[in-house]
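Notes for the one structure printed next.
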Amino acid sequence: MIRFSHISKDYLLGETRVHAVMDVSFDIQRGEFAAIAGPSGSGKSTLLNLLGCIERPSSGAIFLDDVKISEFSPDESARFRLAKMGFIFQTFNLLPVFTAFENVEYPLHLRGMPSTERRRRVLAALDEVGMAAFIDRKPTQLSGGQRQRVAIARALVGEPVIILADEPTANLDQKTAEEIVSLLKRLHSEKGVTIIFSTHDAHIIKQAERLIRLESGRLITGEEASHVR
Amino acid sequence: MYGKLALRNLFRNRVRTFITLLMIGSGSTAMVIAGGFIEDTVHAIRESTIRDSLGHLRISKKGFLEKKLFHPYDYLVSNPGELIKKVRALPHVRVVGPRLDYCGLIGNGELTLPFFMQAFDPALEDRMRNTTMILSGRFITSDKPFDVMVGEGLAHSLNIHMGDGVVLLGNTQRGAMNAMDISVTGAFRTILKDVDNSLIRAPITVAQKLLQVDGAQYLIVFLDQTENVNSVRDALLQLFKKENLDYEVQVWRDIPGAEEITNMENMYRSIYRVMKWVLFLFVILAIMNTMNMAVLERIGEIGTLMALGTERHGILKLFLAEGVVLGLLGGLMGCIMGCVAAFVLSWIGIQMPKAPGSEMQWVAHIKLTPGILSGAFLMAFFTSLISSILPALKASKLEVAEALRHNI
């Protein structure tokens, strides 16, 4: 479904060129629950950003169902993300002025969905993540775990093809982190949605069905087999 | 949705938003006050000039306007009673009276000075009693057809007082010299000192006797409101056409002397325009600063919105919506503050010094019109909208990945 073909991504940091991702190629099949692992600065977030059309590669190509998504314009990328992707962030990234309900509703608003359908879907998504009782709470009135659940509901509500989660447990305590990963796993198994997340937490890595390991921007081959259950 | 998000974002930082609204509101308030003051001043000068000398409309025999300079008494309205009755019956018309303007010499036995006479029918133009500022003596009346009032400066120069006799000298219609002994009933003051140095107000019988004519040069028409002048002019022209009457109509702004009002109005309006630009720039800078800060503080959020699928024009709309909300609220606040300030200032009254060439002090007020209020509101609205364009463009052009890093 997703094909990374010789992807490299360079940044200019002042006058120095930093190679964040170097010649990475791999495929991800529909319905996978995959982790991108590696130490800090290994290029995990960059890889997720490239996959989510948040950044464009310096070279190489990314395909989703044979559509070359790596050359989308910024607005094409936005439309693509809205239609196909769900995002979960390390820092939850909920809009502070919106309630839990409104945060989840936002992507459906962007799609121009009628309000009755929006309401039905939002309530179902919040119920799915166990947040039905907190729909009127603002993010500041929620704990870290609750915020991440709302963020998961927001990622889920548009019924995306892929959910990308960038270190979704990094800002949570161990217990909450495990609850969040369990929730993601349950959603993956119940809905069959493809979930790709980055992490450097060994406990979380063990939960993944597939591991893509990065080090200094390069894909470490031969490691995958040992981690795939 | 963008409106809701914009409104909530604005009230996240209530103090900053309040200060920004106060700045926009103050700009609009200043516009309302300045505009209202100028409107009142222009209105007061215009109305007093119309009331004291021009009239709203003048009706004269066809040919008078063209030839009055060399033949001022060849096109007289004779027996104007019937015409006065017809004109008086038109809507918005309050006063119609015959007029004769006359120039000559006035002497007290020792000194002779030139004068300009406004001659009218005191019975028909009783309103002149209320609009003439009498300094001493009493107003002229129709039962004393050969008594006159003199301007303050003229009375002072000739050292004449109520009851004194003076001689008026002038030409008859045919060019012969004529003289007349008259009695002074009192002295008055107009807004222009130069006018007071030569003006005489007299019953029309005085001018008719000096000229040895019947009738009037023109009929002066006063309306309920100056704004109705065009409709009454049209009604008059229709009346003349319908009844085949040989008259022409002159509107106050076409009468010699009115150009000074127009010039003064233009000058005030130019000052107001400059003020508006200064306020416009001041408010633009203030709002731009606020909007820039809003963008800088919310780069992470902008990244999130973009990551969730908001297109660049969506971000642009969001920040423009914030500008629009600021403009609407600021404009509304400015208009309310302006109305309150205008009411208070008008209630107290703004004591104005003597204007150049005038001996009269006056009290200015703030005259509010729909034009001034809507102008102030629109200024606030468009200023806010324009000020938010650059920050909104800046926000919409952020790189998503770079913006998202601000969340960490």
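The values are calculated or read from the model by the stated rules, or taken from the named source; none is laboratory data. This is a predicted model, so every value here is computed, not measured. Note: ideal-geometry Cβ built from the backbone for every residue, glycine included; neighbour counts use all protein chains shown. Please note that ligands, DNA and RNA were not included when accessible areas were found on the heavy atoms of the full protein model with its side chains. Shrake-Rupley method; radii C 1.70, N 1.55, O 1.52, S 1.80 Å.
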With every protein chain left in place, what is the accessible area of A:Met131 in Å² (1.4 Å probe, nearest 10)? 0 Å²
Note, ³J(HN,Hα) from phi for the range B:86-94, Karplus 6.51, -1.76, 1.60, rounded to Hz, x at Gly and Pro: 5, 5, 4, 6, 6, x, 6, 7, 9
Got a sec? What order do B:Cys339, A:Cys53, B:Cys103 fall in by accessible area at 1.4 Å, biggest, i.e. largest, first? B:Cys103, B:Cys339, A:Cys53
Sequence neighbours fewer than 8 away in the same chain don't count; with that in mind, list the lysines whose C-alpha is under 22 Å from B:Lys354. B:Lys193, B:Lys367
Per-residue SASA entry for B:Ile271, accessible area with 1.4 Å probe, Å² rounded to 10: 90 Å²
Which FRET efficiency value, to the nearest 0.05, is calculated for A:Ser115 and B:Asp126 with the Förster distance at 51 angstrom and r the Cβ-Cβ distance? 0.15
If the chain between B:Arg94 and B:Lys67 were fully stretched, how many nm would it gain, using 0.36 nm times the residue separation less the Cα-Cα distance? 6.8 nm
Residue (of B:Cys103, B:Ala307, B:Phe116) at the positive-pole extreme of chain B, dipole from beta-carbon charges: B:Ala307
Relative contact order (percent) for chain B, with alpha-carbon contacts under 8 angstrom and 6 or more residues of separation? 27 percent
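Looking at chain B, identify the longest residue range that excludes and avoids all trypsin sites (Lys or Arg not before Pro) in DSSP loops having at most 15 other Cβ atoms within 10 Å.
B:175-353
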Need the full-extension length gain, A:Ser40 to A:Arg137, defined as separation in residues times 0.36 nm minus the C-alpha distance. One decimal, nm. 31.6 nm
Would you please report the Å³ per residue occupied by the convex hull of the alpha carbon atoms in the protein assembly as shown? 226 Å³
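Go through B:His56, A:His109, B:His313 and list them by solvent-accessible area, largest first, probe radius 1.4 Å.
B:His313, A:His109, B:His56
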Simple label model, 7 Å out from Cα along Cβ direction - A:Glu15 to B:Val340, nm: 6.0 nm
Loop-only GluC sites (Glu not before Pro) in the range B:78-176, please: DSSP not H, G, I, E or B, and at most 13 other Cβ atoms within 10 Å. B:Glu110
Histogram of C-alpha separations across chain B, 10 Å bin width, %: 5, 18, 20, 16, 12, 10, 9, 6, 3, 1, 0
Cα-only Debye scattering, the range B:331-408: base-10 log of I(q)/I(0) at q = 0.17, 0.18, 0.21, 0.22 Å⁻¹: -0.82, -0.86, -0.95, -0.98
Within 10 Å of the Cβ of an average residue in A:85-98, the count of other chain Cβ atoms is 5
Accessible surface of B:Val325 in the full protein assembly, 1.4 angstrom probe, to the nearest 10 Å²? 20 Å²
For B:Ile348 and B:Ala176, FRET efficiency with R0 = 41 Å and r from the beta-carbon atoms, rounded to 0.05? 0.10
Can you work out the Karplus-derived ³J(HN,Hα) for every residue in the range B:250-260? Use 6.51 cos²θ - 1.76 cosθ + 1.60 with θ = phi - 60°, whole Hz, and x for glycine or proline. 10, 8, 3, 6, 9, 7, x, x, 6, 4, 5
What does the net charge come to around A:Arg3 if you take all other residues with beta carbon closer than 11 Å to its beta carbon, with K and R at +1 and D and E at -1? -2
Count charges around B:Gly107 for me, please; just the other residues with Cβ under 13 Å from its Cβ, Lys/Arg as +1, Asp/Glu as -1. -3
Ranking by accessible area, most exposed first, for B:Ile38, B:Ile33, B:Ile386 with a 1.4 Å probe: B:Ile386, B:Ile33, B:Ile38
Expected 222 nm ellipticity per residue - DSSP helices of 4 or more, -39500 (n - 2.57), all of chain B, to 500: -17000 deg cm²/dmol
The FRET efficiency for B:Glu259 and B:Lys86, from their Cβ-Cβ distance with R0 = 41 Å and rounded to 0.05, is 0.85
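Please compute the average number of Cβ atoms from other chains found within 10 Å of each residue's Cβ in peptide A:50-62.
Mean partner-chain Cβ count within 10 Å for A:50-62: 2.
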Given chain A, what whole percent of its Cα pairs are spread farther than 32 Å? 18 percent
With 29 Å as the limit, write out which pairs from A:Lys44/A:Lys191; A:Lys138/A:Lys206; B:Lys62/B:Lys209 have Cα-Cα distances beyond it, or answer none. A:Lys138/A:Lys206
